[in-house]
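Below is one structure; the comments refer to it alone.
Laboratory data are not the source of any read-out in this text; all were calculated from the coordinates shown. Predicted model only: the values in this text are computed from it and were never measured. No Cβ is skipped: glycine too gets one built from the backbone with ideal geometry, and neighbour counts run over all protein chains shown.
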Amino acid sequence: MQRMTRQRQSVYEELERLDDFRSAQQIFDDLQRQGHRVGLATVYRNLQSLSESDEVDVLRAADGECLYRLCAAHGHHHHLVCRNCGHTEEISMADVESWVTEIARSHGYTAVEHSIELFGLCADCTAELAAETAGTPPSVSTGAPSARGEN
Ligand SMILES: [Zn+2]
Ligand SMILES: [Zn+2]
Ligand SMILES: [Zn+2]
């Protein structure tokens, strides 16, 4: 059993408070703001060890940054993440699991791991965006020619 250091405790508590995926830098900033004396390297190290012991979910954003979240779901699952506001849904994809198992077996592979995360715009952000688009006159920016299929 691993010892819970004070820093690890504050990182963990910060994640408990948050509902969305956050980068180490964001968690570090939040802790600083609350007056915790924790270094960025310590935050990184604790997030990594929490994710290694499966207490925290980690995923890689499109720009390569690692994002962390304390998940309600335990065990293997996937995420549907809003790239605009960070809102996250825990999802299970039974079809994907059996597809993975089948592919692995057909190639004679064992102990196969996979990680699939879906990024998009949540319902709220989609509605917001639609409202914004509807509010602007459509005749303003039509300078861009549509891409041609030939070359
Ligand atoms: Zn999760
Ligand atoms: Zn959103
Ligand atoms: Zn899976």
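For the chain, modelled as a GNM whose springs connect Cα atoms under 10 angstrom apart, the maximal fluctuation among 25, 34, 48 occurs at 34.
Exposure proxy check: 116, 27 ranked by fewest other beta carbons within 10 Å?
In increasing order of surrounding Cβ atoms, one gets 116, 27.
For a quick check: sort 78, 87, 114 by the number of other beta carbons within 10 angstrom, fewest at the front. Mind showing how you got there, number by number?
Values: 78 20, 87 17, 114 12.
Taking fewest neighbouring Cβ atoms as first place, the list is 114, 87, 78.
With the helix formula -39500 (n - 2.57) applied to DSSP H stretches of n ≥ 4, the chain reaches a computed 222 nm mean residue ellipticity of -12500 deg cm²/dmol.
If you place +1 on the Cβ of every Lys and Arg, -1 on the Cβ of every Asp and Glu, and leave all else neutral, what size is the dipole of the chain about its Cα centre, to the nearest 20 Debye? Intermediate values should be presented prior to the final figure.
On the way: 13 positive and 24 negative charges, 127 e Å.
Here the chain has a charge dipole of around 620 debye.
Working from Cα pairs under 8 Å separated by at least six residues, relative contact order for the chain is 18 percent.
Length gained on full extension, residue 49 to residue 125: 24.1 nm, using 0.36 nm per residue less the C-alpha separation. Taking all Cα pairs closer than 8 Å and separated by 6 or more residues, the relative contact order of segment 1-70 comes to 36 percent.
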